[in-house]
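Presented below is the structure to which this report refers.
Since every read-out is calculated from the coordinates, none of them should be taken as a lab result. As the structure is a computational prediction, the values presented were derived from the model and not from experiment. Note that we place each Cβ from the backbone using ideal geometry, even for glycine, and neighbour counts take in every protein chain shown.
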Protein chains: 2
Amino acid sequence: MLPRGRPRALGAAALLLLLLLIGFFQFGGDVECERGERGGERRGPGSFPGPLTPRVSTDGRPRGAAALDGEPSADRGGHNRSDCVPPRPPLPKCELLHVAIVCAGPNSSRDLVTLVKSVLFYRKNPLHFHLVTDTMARNILEMLFHTWMVPAVRVSFYDAEELKPQVSWIPNKHYSGLYGLMKLVLPATLPPDLARVIVLDTDVTFASDIAELWALFAHFSDKQVIGLVENQSDWYLGNLWRNHRPWPALGRGFNTGVILLRLDRLRQAGWEQMWKLTATRELLTLPATSLADQDIFNAVIKEHPRLVQPLPCVWNVQLSDHTLAERCYSEASDLKVIHWNSPKKLRVKNKHVDHFRNLYLTFLEYDGNLLRRELFGCPSPPPPGAEQVQRALAQLDEEDACFEFRQQQLTVHRVHVTFLPHEPPPPQPHDVTLVAQLSMDRLQMLEALCRHWPGPMSLALYLTDAEAQQFLRFVEASAVLSARQNVAYHVVYREGPLYPVNQLRNVALAQALTPYVFLSDIDFLPAYSLYDYLRASIEQLKLGSERKAALVVPAFETLRYRFSFPSSKAELLALLDSGSLYTFRYHEWPQGHAPTDYARWREAQTPYRVQWAADYEPYVVVPRDCPRYDPRFVGFGWNKVAHIVELDAQEYELLVLPEAFAIHLPHAPSLDISRFRSSPTYRDCLQALKDEFHQDLSRHYGAAALKYLTALQQPRGPA
Amino acid sequence: MLPRGRPRALGAAALLLLLLLIGFFQFGGDVECERGERGGERRGPGSFPGPLTPRVSTDGRPRGAAALDGEPSADRGGHNRSDCVPPRPPLPKCELLHVAIVCAGPNSSRDLVTLVKSVLFYRKNPLHFHLVTDTMARNILEMLFHTWMVPAVRVSFYDAEELKPQVSWIPNKHYSGLYGLMKLVLPATLPPDLARVIVLDTDVTFASDIAELWALFAHFSDKQVIGLVENQSDWYLGNLWRNHRPWPALGRGFNTGVILLRLDRLRQAGWEQMWKLTATRELLTLPATSLADQDIFNAVIKEHPRLVQPLPCVWNVQLSDHTLAERCYSEASDLKVIHWNSPKKLRVKNKHVDHFRNLYLTFLEYDGNLLRRELFGCPSPPPPGAEQVQRALAQLDEEDACFEFRQQQLTVHRVHVTFLPHEPPPPQPHDVTLVAQLSMDRLQMLEALCRHWPGPMSLALYLTDAEAQQFLRFVEASAVLSARQNVAYHVVYREGPLYPVNQLRNVALAQALTPYVFLSDIDFLPAYSLYDYLRASIEQLKLGSERKAALVVPAFETLRYRFSFPSSKAELLALLDSGSLYTFRYHEWPQGHAPTDYARWREAQTPYRVQWAADYEPYVVVPRDCPRYDPRFVGFGWNKVAHIVELDAQEYELLVLPEAFAIHLPHAPSLDISRFRSSPTYRDCLQALKDEFHQDLSRHYGAAALKYLTALQQPRGPA
């Protein structure tokens, strides 16, 4: 009980104490301060928040430490209370996060994949990617995401071609061209009911959970519509060189590599009109943008500073030769997003670049298959196609000796077509694409193949993510390969113990763009004249339009490690006669090619017909819409035979070309082949697969299939 | 101004309000609750905290949902206030964290590396690893960490052999043997000034920053000395089968895969005596431990329940066929540590195991070189050796055309010796180890080599982390290779563009354990009789002890892809004469082996001496303490020649063995060779390296080196 007396004073004191306590617990106390966070207030130009190098003063020299001391730095381990933000309520569990990226061409597509891998690695939320793409990037990324089947990831595509008219009136000196302007039209392009989106450049790598970035939307005041990190160079300050006139910006301006957009507010605020007016006005005095849409964003923000919520620098650490980013990461130990915005990219010289490079390399080489994991506690519908695959896999009997074979057949491999830039060949009526598949151990064949075949090629490569990078470097380092624009490389990512040879061939076949294809193998070098000869033969024989046929290219082999390639049929015959050359697999399995009738080929001057026989597996030229290879044949054995059976069952004539030939070079057995042949079950399983194939033949072709079944039952030599 | 009247009531109301407000801001308000955290109170048995499957009731059936509802679950998204912990003050920046691991043998050593990689990936603090190891693990890990040179990581080793007497009196049925009991003696073994340590099993993978685990020490009450996660199986409940008698435990007991130890308090509490008394007492009625030290920990805790601070289940998600862990991760989306404690390990069948397997595979295949990054904001002394390397690298001229060569020479490759279990050969006075190096593309040679050479081998493999796993699977799948205990494989991790051939040879050479070595190349198959013949020759010639010599094994080659290996010198001569065999590189570079004098070898019946000549690079047998290969020769070219020059300069006689031979099999050029040969600078740089080598020769051998310089100047054919 309080003592009597001085009640007024007591009451006042109590009230005061109350107020003090309220004040204390509101702004101080045991609040969890998070490093790198910043209060939501806008600061005027010249006193930009952020621990960056001091402003350049008018005499061109940095202002010195004094200016730094004057700037609050919340990044010093969160010890500065005045910058402390009370902890935000966590995001609702399983909130769907939206990410938009503009991506054109195969190189950006590869970069996008690395970015997506880094996002997926850390994320715990379902994601919806909105991709503004040209045709090529769309083809690549649609196939990639479809085969990747990552749970809780949805992808929508927006046609960049359709958006071009909206920005094509803006001259842009930046190498990104029109695509570099497209972020401006996102509010108009993305679904009208989409309120928020994170926009990313493709040269960005995440080192953290993207949900933390999304959570920064909560810091927006009512007026703020766009969240950006300060630009970490002196570009927008101007005067980098004589006559350097950057677009207007607030202080150092902002970098648009990482953007938080309140699309709803932008639309309401009349964004489209806003940026168009600003751009039009600036283009009266400036000839073009230099940094694409970043210039226009900065000009708009200069005019309407209240629109922007500055984001902590750790969300867009810009790596270039300039060291302005250093202040950001020398204080913070928690880098969230790295942005490789220097044209030198990984060759940037900067003390800490190893750290960043390692992060980037981590995701570059990271096995994307490992990102197919479910999100716990956030059930989402399975990706399209995933359910059927799961069901089919679940039906397999694990005790089945051939379980691995069946599992491999059902495996949907992640596929990245057109891994490197590729010029589709101009349409020509009789053009032929060489189709083959390979893995790392055959990369050396590529240069030789390029020297022998000048025409288009469609090659499927069975690689891990890390090998794909090695492959990239290999091509870049090769003058021969870099020079070729008409060789398309499609990466099929390794998965499972058995080599999915026919799946690989089917990918390469499906990606061929000419009316005809030459179905070859990577170890064969075609005659120098073959490309021209095939096109002439196709025309002459009216292949496809008037004649349903498969043109046989006779196969030979040398056993010699060093070998002088014959430049004509006559030379080849001489080598054959002298024992330097043999018909293919002459010693071990002659029936694979004997039906080509080499004795007749020797003398032949015109194409001649041959009959199908058991185990015949010639290399043929067919129209592109031929039957696919049967994917049940994994590993090695019968994978080409089955295809020829199918062609024959569909009544393709087998016509041998008298001047065509291809020669197989010797090579050590690949690891895949060795593994396969050492598997004890392989023979039995191959037999089981053959039997099933023949059952399917009966079903499809009825009595006509008898011929193949009979042939199957004939006793033959070892496979 | 407050109105007059009712002062007492006003004061009381104010006070009450004050108290309420204090209470509110203390325990509620805007506190950041972290999922998966739990208050620090001990709960009695039977009402264990944690979202696990309900206790088994006395009739053996799970109790049902009722028991679950009765348990507070802080894991439901942190919405349950009563379990909410006020946020802890963050760890002091750069606090050094200590981790202890017991590790014996090569298999555990590999597991430890994967664990360490996962820890390093997420960590932001300096770390000190305390490793209790047997001799083999120590050799492996000491070399590994030394070459890994990870900043802000320190490693201390403790000899498990010395600790054995302290635990050898305890019968242990678990496969871990005595090593499985050693966690008990950690308080006595680790430095007396070390207060806290995290103890981990090697089959654990981190999915989070270990600092978060360390921070849980702050939850310990004054009495608590050990933090553990509940055991997620029914083992300790007993009655898994008839006569199943587990050691005593509190409810389900605790799993010792992840432990927080307050070493200071344990020592003070007389830990040693405590566990010894308990163990002694239990062993009166139980024959042995079944789960090694985990049993004893649990028995002690049963007796002294106050000692334990239960940790949230996410810190030790135990994966086995039992689904008890499922409740843990189906509620939490934030798994921190995965523990593969089932003998089936990755083959465990459990709905979410793909998620976990992918995490594990991530680190298994993760390029460890990428973890060499600095910690920002936590300066620490560079790892031993790192400074010199950095300095030497900094001195290189990047404009130098041969920059890559010099850089590669300075590169310290991460080395993991004895990657697979290996039995050192019993000491024999004339024993020879075959020494060679290879990369992935030559794995198929291993089986053939094993068939030709029954003796010990020391092989260095130049691999990425991912390739090392493929290699592991390759050996496991090969009956031939798995059967051999005397072939030691040492992994040198790839780094840099050029092949460090001589560094690889030096690693293999240094790891050879016999008095003599046969310095070979991976593409050569030795004569079937060579191993025995070499040992007899060594003895006969008294190599080493009385005779300083290098015994030459004449080299041949076949160009044929298929080849029948001669079983005697006579057969070989016949093949030579018939043109199926040639002396090695007969066509391209005969001077490499011509000084062996094959004409003389043909007829020779006793060893004969030959003279050194320019470019001579025979395969020789020498005492193990021979000169090392010169690591400046990277890529290809002159790397063996230089070694023979060194041997000759040191006056090793060159003695050709009349019955010895090895035959080179053809193979496609490796990617490394192709890359090398396509490099425009390689010839010039090779010349520069040769010149420097000769300068060194002059310095070391004075006038005697003239012979080599003169030979170097002679014009010769292309290299």
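Legend: mean number of C-beta atoms from other chains within 10 angstrom of residue C-beta atoms, peptide B:470-481, equals 2. Each other copy places its own label point for A:His244 at 7.4 nm from this one, sorted shortest first, where the point lies 7 Å along the Cα-to-beta carbon line.
The mean number of partner chain beta-carbon atoms within 10 angstrom of a residue's beta-carbon across peptide A:657-666 is 1.
Label point of B:Pro680 (7 Å along Cα→beta-carbon): distances to the other copies' equivalent points are 5.7 nm, sorted ascending. Placing pseudo-labels 7 Å out from each Cα toward the beta carbon at A:Trp589 and A:Ala614 gives an inter-label distance of 1.5 nm.
Grab the other residues whose beta carbon is less than 13 angstrom from that of A:Lys569, score K and R as +1, D and E as -1, and report the net. Show your work: numbers first, answer last.
Values: positive: A:Arg602; negative: A:Glu571, A:Asp577, A:Glu603, A:Glu659.
After counting each charged neighbour, the total is -3.
Summary for B:Ala604: label point 7 Å along Cα→Cβ; distances to the equivalent points in the other copies, ascending, 5.5 nm. Each label was represented as a point 7 Å from its Cα along the Cα-to-Cβ direction; for B:Ser698 and A:Thr280 these points are 7.9 nm apart.
Neighbours of B:Pro187, meaning other residues whose beta-carbon lies under 13 angstrom from its beta-carbon, give a summed charge of +2 when Lys and Arg score +1 and Asp and Glu score -1.
Net charge in the neighbourhood of A:Thr135 (other residues with Cβ under 9 Å of its Cβ; Lys, Arg +1, Asp, Glu -1) is -2. From the alpha carbon centroid of region B:430-489 to that of region B:538-590 is 22 Å. Tell me whether region A:654-719 comes out rounded, prolate or oblate; compute the Cα gyration tensor, take square roots of the eigenvalues as a ≥ b ≥ c, and use a/c under 1.5 as the rounded threshold. Verdict is oblate for region A:654-719.
Over 28 Å between Cα atoms, which of B:Lys124/B:Lys223; B:Lys124/B:Lys183; A:Lys223/B:Lys124; B:Lys124/B:Lys302 qualify? Table pairs above 28 Å Cα-Cα are B:Lys124/B:Lys223; A:Lys223/B:Lys124; B:Lys124/B:Lys302. Sorted largest first, the principal axis extents computed over the alpha-carbon atoms of region A:578-719 equal 42, 39, 32 Å.
For A:Lys548, the aspartates and glutamates whose Cα comes closer than 15 Å to its Cα, not counting residues fewer than 8 places off in the same chain, are A:Glu539, A:Asp625, A:Glu646, A:Asp648, A:Glu651, A:Glu653. Protection proxy ranking of A:196-205, A:398-407, B:525-534, A:590-599, by the mean of other Cβ atoms within 10 Å over each peptide's residues and highest first, is A:196-205, B:525-534, A:590-599, A:398-407.
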